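Nothing in this text is a laboratory measurement; each read-out follows from the coordinates by a stated rule. Predicted model, so just to flag it, every value in this text is computed and none were measured. As a convention, Cβ positions derive from the backbone with ideal geometry for all residues, glycine included, and neighbour counts pool all protein chains shown.
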Amino acid sequence: MHASKMSSPFNTMALLHCFSKHWANLMQCKQCGQLWIVDEWDKYAHLAAFKVASRPEEHEIADLLYHAHERLAVQDAGGYANEECAWICCANKALKGMKVCYRHSR
């Protein structure tokens, strides 16, 4: 889910933890208790929010964020292309409409 600073249901959620090193927050819905990882607002980046089943540890956040952003990038691109990434020694699939994979598109 793409998050937005202006009209966001995340503005009314409880902040449980700030993962400042990763520019993300652990939020909890006050009505149902669902936990969310929400990117810190940045006008130059695509923001993401995604559900988590339990409170992640600090060392898990980097991988969680990477994979969440990768899923959004693949979805936005319409999937993967049939070709491999153009970077030397990279066997990942390129994103549709691009010559590179998610890792090399960042």
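Could you work out the relative contact order of the chain? I mean the mean sequence separation of Cα pairs under 8 Å and 6+ apart, divided by the number of residues, in percent. Averaging sequence separation for qualifying contacts and normalising by length gives 16 percent for the chain. Here Glu58 and Cys29 are evaluated by their C-beta separation; at R0 = 22 Å the FRET efficiency comes out at 0.50. Take every pair of alpha-carbon atoms less than 8 Å apart whose residues are at least six positions apart; their mean separation over the length of the range 60-106 yields a relative contact order of 28 percent. Highest average first, the peptides 29-38, 68-77 ordered by how many other beta carbon atoms sit within 10 Å of their residues are 68-77, 29-38. Lysine pair count for the chain with Cα-Cα distance under 28 Å and sequence separation of 8 or more or different chains is 14. In the list (i) 19.7; (ii) 15.0; (iii) 16.4, the label attached to Kirkwood radius over Cα pairs in Å as derived from the coordinates here is (ii). By other beta-carbon atoms within 10 Å, ranking Met98, Met13 with the fewest at the front produces Met98, Met13. Relative to a virtual label point 7 Å from the Cα of Cys90 in the Cα→beta-carbon direction, which members of the range 44-74 show backbone nitrogen distances below 14 Å? Hits in the range 44-74 for Cys90 at 14 Å: 70, 74.
Seen against the Cα atoms of the chain and their longest principal axis, helix 61-77 is set at about 60 degrees.
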